[in-house]
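These notes concern the structure reproduced below.
None of the figures in this text is laboratory data; all of them are computed from the coordinates on show. What you are looking at is a predicted structure, and each value in this text was computed from that prediction instead of being measured. Neighbour counts run over all protein chains shown; Cβ positions are idealised from the backbone, glycine included.
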C-alpha cells in the first residue's frame, strides 16, 4: 500500500507547487492590434486564444445595445457625418453611418486599420459564442453625473440580461462596471450572473470595495492598485482579482508575482506568448 501512496503524495505536492494558469482578457478585443470594440478585434483575440473578450456597452435611441467604450462617437476611434455624436441620441441606423476602423489610434502604433468597420451590436458579439469556450466580460458604461447618456441602471441591467438569456450565455458572462448601481440591479435580477467591480483610484482594500458592489465575485482594479497583500486578502475572501489594463512585460510580471487571477490587456497575443514562456499556459 505504501508504494502506491508515496508517488501519490509526491504528485499532489508537485501540483500544489505548480503555478496557476493566469487567464487573459482581450481589452476591447485587442486594441493594440485592431480598432477597439470591433468584430475584427474580437475575432483576432479569439484566434490568439483569449479566455475572455472584454468590451463596453452603450444604448442607442431605439434601445439597441451596441459596443462602444465612449457614449460619444468621435475621432480617432470613429469618424462619421459630424465631429461627434451621442450614441443615446442616435438610432442604430444612424450609429452605423460611422466608420470605427478607418483611422489608426495614435496611442497604438501597432494597430492596423480596418476601413468600413461599423459599431457592432451586443447581438453581433454574442453570435461569436460558438467560436470557443471563452467568456464575455461586458461593461455597462453608466454615468451617475450624466444620466442622459444611458438608460437608468435597473433598465440597463434588464436589457443586458434579456440578451444574455436569449443566447443562453448566463454561465459565460461577467458583468463589470464602475457604476455599482448596475451591478446591484443585476444581482437582484439574476443572482447567477458573475459581477466585477471596476475601480480606478479607490485606495481601499478590495474586500471592502466589493461589499458596495453587490458582493461581486471579482474586483477589477487599475493594475497600479494591485499589491500581493491586497490580492491575498481578496483570495482569502473568495474574490478573484482581474486588473486592467497592463500592456508591458514588466507590468505583466508584477501582476504574475502578485498572483492575480487574470489580466486585461490591449495585446492579448503578446501576453499569451509571455505567459507560455513562464509556464503559465
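Only a single item in (1) more than 23 Å from residue 36 (Cβ to Cβ); (2) in a helix (DSSP H, G or I); (3) touching a strand residue (DSSP E or B) at 6+ places or on another chain (Cβ under 8 Å) is not met by residue 155, and it is number (3). Among the conditions (1) surrounded by 14 or more Cβ atoms within 10 Å (Cβ to Cβ); (2) over 23 Å from residue 36 (Cα atoms), residue 269 misses just one, which is (2). Answer yes or no: is there a residue in region 221-235 that is in contact with a strand residue (DSSP E or B) (Cβ under 6 Å, 6 or more places away or on another chain), within 22 Å of residue 33 (Cβ to Cβ) and buried (at least 18 other Cβ atoms within 10 Å of the Cβ). Taking every residue of region 221-235 in turn, none turns out to be in contact with a strand residue (DSSP E or B) (Cβ under 6 Å, 6 or more places away or on another chain), within 22 Å of residue 33 (Cβ to Cβ) and buried (at least 18 other Cβ atoms within 10 Å of the Cβ). Filtering region 243-257 to residues that are outside any helix (DSSP H, G or I) and either more than 20 Å from the chain's Cα centre (by Cα) or closer than 18 Å to residue 200 by Cβ (or both) leaves 243, 244, 245, 246, 247. Anything in region 105-134 that is farther than 21 Å from residue 61 by Cα and touching a residue at least 60 places away in the same chain (Cβ under 8 Å)? List them, or say none. Within region 105-134, 105, 108, 110, 111, 112, 113, 114, 128, 131, 132, 134 qualify. Quick check: is even one residue across region 245-266 surrounded by 20 or more Cβ atoms within 10 Å (Cβ to Cβ) and more than 25 Å from residue 36 (Cβ to Cβ)? So far as region 245-266 goes, no, none of its residues is surrounded by 20 or more Cβ atoms within 10 Å (Cβ to Cβ) and more than 25 Å from residue 36 (Cβ to Cβ). Scanning region 258-281 for residues that are in a loop (DSSP other than H, G, I, E, B), touching a strand residue (DSSP E or B) at 6+ places or on another chain (Cβ under 9 Å) and under 10 Å from residue 23 (Cα atoms) returns 260, 261, 281. The residues in region 244-264 that are more than 12 Å from residue 24 (Cβ to Cβ) and without any contact (Cβ under 8 Å) to a residue 40 or more places away in the chain can be counted, and the count is 8. Against the conditions (1) in contact with a strand residue (DSSP E or B) (Cβ under 7 Å, 6 or more places away or on another chain); (2) closer than 14 Å to residue 22 by Cα, residue 245 satisfies every one except (2).
Taken over region 265-281, the criterion of being within 10 Å of residue 25 (Cα to Cα) and out of contact with any helix residue (DSSP H, G or I) (no Cβ under 8 Å at 6 or more places or on another chain) is satisfied by 266, 267.
I'm trying to understand the selection: among the residues of region 95-116, which are touching a helix residue (DSSP H, G or I) at 6+ places or on another chain (Cβ under 8 Å) and under 17 Å from residue 266 (Cβ atoms)?
First, the residues of region 95-116 that are touching a helix residue (DSSP H, G or I) at 6+ places or on another chain (Cβ under 8 Å): 95, 101, 114.
Result: 101, 114.
Across region 172-219, what is the number of residues that are more than 14 Å from residue 153 (Cα to Cα) and over 16 Å from the mean Cα position of the chain (by Cα)?
16
From the list 182, 208, the lone residue that is free of Cβ contacts under 8 Å to residues at least 60 places away in the same chain and out of contact with any helix residue (DSSP H, G or I) (no Cβ under 9 Å at 6 or more places or on another chain) is 208. Screening region 158-239 for helices (runs of 4 or more DSSP H) wholly inside it with 3 or more residues that are within 20 Å of residue 259 (Cα to Cα) returns the ranges 206-211, 228-236.
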